1. Determine the dipole magnitude for the range 125-253: charges of +1 sit on the beta-carbon of Lys and Arg, -1 on that of Asp and Glu, nothing else is charged, the reference point is the Cα centre, and the result goes in debye to the nearest 20.
2. Can you give me the pair-distance distribution of the range 125-253, C-alpha pairs, 10 Å bins, whole percents?
3. Under a point spin-label approximation (7 Å from Cα along Cα-to-Cβ), what is the residue 196-residue 23 distance to one decimal in nm?
4. Report the one residue of 234, 173, 163 whose Cα lies farthest in the direction of the positive end of the charge dipole of the range 125-253 (charges on C-beta: Lys and Arg +1, Asp and Glu -1; origin at the Cα centre).
5. Can you pick out the pairs among 155/215; 129/155; 129/217 whose Cα atoms lie more than 24 Å from each other?
6. Quick one: compute the contact order of the range 125-253, relative version, from alpha carbon pairs under 8 angstrom and 6+ residues apart, as a percent.
Amino acid sequence: MKSFYKRLITTVVVLLLLGLVIYDMNHIYRFAIFLFASLASYEVLHMMTDSRKKLTCILAIMLNLILYINIYTSFMPNMHIFVLMLILFSIISVLDKEFSSRSFISLIFTTCFIIMPFTMFYNIADRSKLILVFLISTSSDIFAYVFGSLFGKHKLIERISPNKTIEGSVGSYITSLAITYLYISYFNLKSNPYYIIGLILAPIVAQFGDLIFSKLKRYYNIKDYGYIFPGHGGIMDRFDSILLVCPFVIICFF
């Protein structure tokens, strides 16, 4: 129960900060995306390469800075951005004696599966749709924990996430589905013909996002990606499902 209250307090604080970010959908919003993406990139790079913290930090910031400047100013086509990143990777591989094929793969993974999904947030200019992304992922996470704590008896996929239960997963899906339906009905987000697919599958996508990044943690034998959020871990421990939900919501509700 102590763990639950710690998680609850952290969630409330994070939601208040997100409220401030959503309030200003211009400069604060864009800088927040850059900051979160940089921290998430650092956590994943550090986990996958176990490299020096200073170099990992510089890499994470540089990768995100390239995309951030491009999206903010549109100074070059997106294809040129990837070419620039490949050049950056090549320079790093020459200058860093500890750089290996594993390091290169980790950079590619971080760019494609962490940074690029974060950049999709720049395409969300509507507050109601941005809130929808966080509503789906947050409600899925919270109610999976609540239903799992109260009724959980059967393990979902123990080898990936031993604390997740079937009861928690089902309860989370039903509750998240109901909340999402009420939200999109209130804000009339049914203009896209795929919204029914989005409504049905979004809570499942959120849970899969959580499981995918949980499997990565198990593979690299770590408990949390970081320690920035008491009771929750790091940025990636909070954004794991969001990174899958965001592109899915853009497709189905935009």
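1. Rounded to the nearest 20 debye, it is 180 debye.
2. Spelled out bin by bin, the range 125-253 gives 13, 43, 32, 11, 1 percent.
3. 4.1
4. Positive-end residue among those listed: 163.
5. With Cα atoms farther than 24 Å apart: 129/155; 129/217.
6. Averaging sequence separation for qualifying contacts and normalising by length gives 27 percent for the range 125-253.
Rule-based calculations on the coordinates, nothing more; no lab input. All of these numbers come straight from a predicted model, not from anything done at the bench. Reconstructed Cβ throughout: ideal geometry from the backbone, glycine too, with neighbour counts over all protein chains shown.
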